[in-house]
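Shown next, in structure tokens, is the structure this report addresses.
The values are calculated or read from the model by the stated rules, or taken from the named source; none is laboratory data. What you see is a predicted model; the values in this text were computed from it and never measured. FYI the Cβ positions are ideal-geometry reconstructions off the backbone, even for glycines, and counts take in every protein chain you see. These accessible areas exclude ligands, DNA and RNA; they are computed on the full protein's heavy atoms, side chains included. Shrake-Rupley method; radii C 1.70, N 1.55, O 1.52, S 1.80 Å.
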Amino acid sequence: MGRRYRYTSNENENKIWSAALYVRLSVEDGDKVESNSVINQKQLLGDYINENNLNLYDYYVDDGYSGTDFERPAFKRLLDDMKDKKFNTIIVKDLSRLGRNYIEVGNYIEQIFPLFNIRFIAVNDNIDSYSDPSSVNNVIVPFKNLINDEYCRDISNKIRSVLTMKKRRGEYVASFTPYGYVKDPEDHHHLIIDDDAARVVKMIYRWSLEGCGRKKIATRLNDMGILNPMGHKQLELNKKVGGKRKSKGQLSYVWDMTVLQRILEDQTYCGDTIQNRGKLVSYKVHKHVRNPKNEWIIVKNTHEPIIDRDTWEKV
């Protein structure tokens, strides 16, 4: 990190420009990895501050984060440091790196950054709020932000259209597989049986048919030391997982009734692919909502079943 910036008594003279360089990349936004890679952005911004006699405070990098909202860890850290007056300049490659939400981007460059006496520079868009204040207020800026926003919306619609087509063909497109299955290494859109987990699924269905309730089944599995689906994926398959955490950030590997209910209702175990059960509210609001069943996309007999259809329907 560079030196901490201190405001001078005269804001227009003897400026020491301490710069925070912000870098963002997200393929989901349609970013071209070759031209917008983190390395290339850092190189361009580093060259810029060297050529313009600015001091580097720090790099802030959000790799893999959409520009449609500002819930990004590095950007949040940048804002915290800005409020603490650790720098007085923010530099990005272009406006789309700051974000692709034209309302929010406009709010930052027209209101929030000026409020904190921040000099804002977008190198490729020729914007510099200090040396050329009119470049920020130019009517072209909101149009550029709108185009960046529209580009992201268009990419989102195209991706959604392609995924819907794949779902209707029975291709598995979700990131995570149901417990009992893994992705076929030769075709990631096809499910194959995970033998160890499949044996547990068969036990669960057999016990359920014998009259065991979910609570009793969960107790049996925990007493046998069998990891729940999350634990199996993380510890036995060495895959990254999300999920609910207990205190101190620990993941829970204990079976509970909710997990069992999900397994006992999942038609995937009959050999069918069920997708489109949920969706994002919009390309800007990254919140998942559940779709009604009449919107689910179900394609039968796409992979080897773990449970025969008769047994599943009885359970």
Selected residue (criterion: surrounded by the most Cβ atoms within 10 Å (Cβ to Cβ)) from residues of the stretch 48-76 that are over 24 Å from the mean Cα position of the chain (by Cα) and among the aromatic types (Phe, Trp, Tyr):
TYR57
Write out, first by first residue and then by second, each pair whose Cβ atoms fall under 6 Å of each other, whose residues are 6+ apart or on separate chains, and whose first residue, in the stretch 181-199, is touching a residue at least 40 places away in the same chain (Cβ under 8 Å) while the second is in a helix (DSSP H, G or I).
none
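Matching residues to (1) at pLDDT 90 or above; (2) among the polar types (S, T, N, Q); (3) touching a strand residue (DSSP E or B) at 6+ places or on another chain (Cβ under 7 Å):
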site: LEU221; (1), (2), (3): yes, no, no
site: LYS239; (1), (2), (3): no, no, no
site: VAL254; (1), (2), (3): yes, no, no
site: GLN261; (1), (2), (3): yes, yes, no
site: ASP266; (1), (2), (3): yes, no, no
site: TYR269; (1), (2), (3): yes, no, no
site: THR273; (1), (2), (3): yes, yes, yes
site: TYR283; (1), (2), (3): no, no, no
site: PRO305; (1), (2), (3): yes, no, no
Within the stretch 93-107, residues open to solvent by 20 Å² or more (accessible area, probe 1.4 Å), over 10 Å from LEU146 (Cβ atoms) and in a helix (DSSP H, G or I) come out as GLU104, ASN107
Inside the stretch 170-206, the number of residues satisfying the requirement of being open to solvent by 20 Å² or more (accessible area, probe 1.4 Å) and not in a loop (DSSP other than H, G, I, E, B) is 15
